[in-house]
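In what follows, a structure is listed as structure tokens, so that the remarks can point back to it.
Bear in mind these aren't lab numbers, they're just calculated from the coordinates by the rules spelled out. The structure presented is a predicted model; accordingly, all values stated were derived computationally and were not measured. For neighbour counting, all protein chains shown are included, and Cβ atoms are generated from backbone atoms with ideal geometry for every residue, glycine included.
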Amino acid sequence: MEEVVIKINGKDIRLKDFPKRVTHNVVVGLVKSLNLEEEPREIVIHVRINQENSGGP
């Protein structure tokens, strides 16, 4: 079963089916293009936004 979890500022974001499938397919496709030695079973991506580059005030 495919599981996609997105947290923003520590809070889980509920994803409907389409964004969940898109996120899954984009991330898995990106990782598979890395030609790793083994098939990924779990992928964790952590993005921290630098306040200087966030586009905000």
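Quick notes on this one:
- For the stretch 31-47, the set of residues classified as farther than 17 Å from Glu3 by Cβ and surrounded by 10 or more Cβ atoms within 10 Å (Cβ to Cβ) consists of Lys32 only.
- Among residues of the stretch 2-53, those that are assigned to a loop (DSSP other than H, G, I, E, B) and under 13 Å from the mean Cα position of the chain (by Cα), counted: 12
- Contact map, the stretch 1-29: residues that are among the acidic types (Asp, Glu) paired with residues that are surrounded by 13 or more Cβ atoms within 10 Å (Cβ to Cβ), Cβ distance under 6 Å, separation 6+ or inter-chain. Pairs shown: Glu2/His24.
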